[in-house]
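Throughout, read-outs are computed from the coordinates displayed, never taken from laboratory work. Remember, predicted model here, so these are calculated numbers, not experimental data. Here the Cβ is made from the backbone with ideal geometry for all residues, glycine too, and neighbour counts use every protein chain on show.
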Amino acid sequence: MRIRTFDQLLEAALARAPKRVVIVGAGQRQTLHAARLARGMGLAHCTLIDNLHRLTHVAEEQGINLEGMEVIEEGDMVRAAYRAVEMIHAEEADLLMNGRAQPVELMEAVLDREKGLRIGKLISDVSVFEVPGFDRLLFVSDVAVVVSPTLAQKRAIVQNAIDTAIALGVEQPKVAVLAATEMVNPEMSANMDAANLSKMAERGQIRGGIVDGPLAIDNAISLKAAQMKDIKSQVAGRADILITPDVESGNILAKAITYFAQGKMAGVVVGAKCPIVMPSRSDPPEQKLMSLALGVYLAR
């Protein structure tokens, strides 16, 4: 069954729950509320890593009962991230989640070539959005991890996004590779990468989805806009996945969907040994919970 809403995602995650999640930098108000919600509904067993004084202070201040949640004291976020990675390798946890750590601090441990969670694939972010007025979830990648991807990395980003969408029940996801215009222009690198990715998908170098590009964002999500521009495409106006040129444009798009379109977001990093839940540090508890639900659903 295709998951079309966050309510359906949470229901599907609960059917696979509980999973063991280790939270790096858990001493944050929104994160602790999300952890308590997750434990209360049986979504996850939580291990909290942070400075003990900070954790207990925030918990007491917010009236959050930490009973039933393991606490590991480590105030340095890089060392906390490495401790969490060790727990994954020791099979003491099923997935990671970020709380208040800087993403770069968490990813330093995840990407460590000797001690990290690499499994031979590109590690990239896939963000999932529930947007008012849309009859489906939208997937956007990469908004957080790969800063300036090469063409080869973009191919892997597309494949990771397709695999994630398929896991959520989307049959043959439609992928729009975004650029400023739908016309192929050799002077625009993002435009040329989009055209090359479309051809790579035709030749079987990307599997499981239908890839088209370059497409401007209006042509990707609005069938009316695509028809007005006479764009003949299986993807235009019907995109399930939006691939952005780089992390800056991806991050801007993600925040624009959230703040201008009142969209809700769940974020997860894929391509590693386990899902890595990466909500924005400013997300409210309910949104962090949905990112955790996505990670739980994708965990083995």
Kirkwood hydrodynamic radius (C-alpha pairs) into Stokes-Einstein, the chain, 10 °C and 1.306 mPa s, D in µm²/s: 82 µm²/s
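Once you keep just the Cα pairs under 8 angstrom separated by 6 or more residues, what percentage relative contact order results for the stretch 68-179?
Values: 95 pairs, mean separation 18.2, N = 112.
RCO, the stretch 68-179: 16 percent.
By average Cβ neighbour count within 10 Å, what is the ranking of 20-30, 194-204 from highest down? It would help to have the intermediate numbers written out before the result.
On the way: 20-30: 25.1, 194-204: 17.1.
Peptide ranking by packing, descending: 20-30, 194-204.
What is the fewest-to-most order of 297, 82, 259 by other Cβ atoms lying within 10 Å of their Cβ?
Values: 297 24, 82 21, 259 9.
Result, fewest neighbours first: 259, 82, 297.
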Checking 31, 47, 150 against a Gaussian network model of the chain (alpha-carbon springs below 10 Å), the top fluctuating residue turns out to be 150
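Under the definition of Cα pairs under 8 Å and six or more residues apart, what whole-number percent is the relative contact order of the stretch 176-260?
Details: 131 pairs, mean separation 27.1, N = 85.
After rounding, I find 32 percent.
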Estimated translational D of the stretch 1-90 in µm²/s (Stokes, Kirkwood radius over Cα pairs; 4 °C; 1.567 mPa s): 93 µm²/s
Can you work out the FRET efficiency for the pair residue 183 and residue 11, with r the C-beta to C-beta distance and R0 = 41 Å, to the nearest 0.05? 0.45
Using Cα centres only, tell me the gap between the stretch 41-67 and the stretch 86-116 in whole Å. 19 Å
Rounded to the nearest 20 debye, what is the charge dipole size of the stretch 122-267 about its Cα centre when +1 sits on each Lys and Arg Cβ and -1 on each Asp and Glu Cβ? 220 debye
How much length, in nm to one decimal, is gained on full extension between residue 115 and residue 286, taken as 0.36 nm per residue of separation minus their Cα-Cα distance? 58.3 nm
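Any idea what the relative contact order of the chain is, in percent, if you count C-alpha pairs under 8 Å spaced at least 6 apart? Intermediate results must be reported in sequence, preceding the final value.
Values: 657 pairs, mean separation 68.5, N = 300.
Here the relative contact order equals 23 percent.
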